[in-house]
Amino acid sequence: DAKTTQPPSMDCAEGRAANLPCNHSTISGNEYVYWYRQIHSQGPQYIIHGLKNNETNEMASLIITEDRKSSTLILPHATLRDTAVYYCIVRVVRNTDKLIFGTGTRLQVFP
Amino acid sequence: DGGITQSPKYLFRKEGQNVTLSCEQNLNHDAMYWYRQDPGQGLRLIYYSQIVNDFQKGDIAEGYSVSREKKESFPLTVTSAQKNPTAFYLCASSSDRNTEAFFGQGTRLTVV
């Protein structure tokens, strides 16, 4: 199964862009990269997902490298409410269907 | 409102008792999942179901059982065989393998 590697923690000033990196060097060709975030004691919230192309929605942008071995989640204008644990996840669908979670990055947005 | 409902939010049980956690969705999703989260850890897959009357074991299925008699419901039973049942349990659903999964707000189970 593909695994993801993320820095354990990051800080970001309010109003600035938060760039969260993720390595997934063993990802397979048909496996999507998903990003979720979790605020303490709540269920994970979906942010964005992609396969090969860069993606953008109202919450964030996802930049995937051409070799698909890494990606970056960009929160363009971080707010205090963006403080959470961010999970970069590979969805394995060969003979199964599961989101493989790592330990995530704890993003702290400060005033 | 459409969504996933888990109940109860907090649950206490005595050691040796079976307990069933509820998960209901009104999103008309075919697939449903159960995950377990321990403090400071990511989520681990317990069971998943891609269609009614069918389900598959995840990575940590021992000591758990599920049923999928209705599309909307996917209850999880934590049996007395589960050695460390105290954890945060999360249910999710998705329409297919290429779309996002939506999570419920979780049930925190404490076994004393």
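If you go through the stretch A:61-96 and keep only what is without any contact (Cβ under 8 Å) to a residue 60 or more places away in the chain, surrounded by fewer than 20 Cβ atoms within 10 Å (Cβ to Cβ) and within 15 Å of the chain's Cα centre (by Cα), you end up with A:SER61, A:ILE63, A:THR65, A:ARG68, A:LYS69, A:SER70, A:THR72, A:ILE74, A:PRO76, A:THR83. Taken over the stretch B:1-54, the criterion of being without any contact (Cβ under 8 Å) to a residue 24 or more places away in the chain, more than 11 Å from chain A (Cβ to nearest Cβ) and crowded, with 16+ Cβ neighbours inside 10 Å is satisfied by no residue. Look at the stretch A:35-57: where a residue is touching a residue at least 12 places away in the same chain (Cβ under 8 Å) and a partner is loosely packed, with under 14 Cβ neighbours inside 10 Å, sitting 6+ places away or on another chain with Cβ atoms under 6 Å, you get A:ILE48/A:ASN57. Does B:ALA31 satisfy being under 10 Å from the mean Cα position of the chain (by Cα) and small (Gly, Ala, Ser)? Against the criterion (under 10 Å from the mean Cα position of the chain (by Cα) and small (Gly, Ala, Ser)), B:ALA31 does not qualify. Being within 14 Å of chain B (Cβ to nearest Cβ), basic (Lys, Arg), part of a strand (DSSP E or B) and within 20 Å of B:TYR33 (Cβ to Cβ) is a property that A:ARG94 lacks. In the stretch A:97-108, the residues that are at the interface with another protein chain (Cβ under 7 Å from one of its Cβ atoms) and crowded, with 22+ Cβ neighbours inside 10 Å reach residues that are of a type in the set (Lys, Arg) and not in a loop (DSSP other than H, G, I, E, B) with C-beta atoms within less than 6 angstrom, at least six apart or across chains, in these pairs: A:LEU99/A:ARG91.
Quick note: the coordinates plus some simple rules give every number you see, no bench work behind them. This one's a predicted model, so the numbers in the text were calculated from it and none came from an experiment. We place every Cβ from the backbone using ideal geometry, glycine too, and count neighbours over all the protein chains shown.
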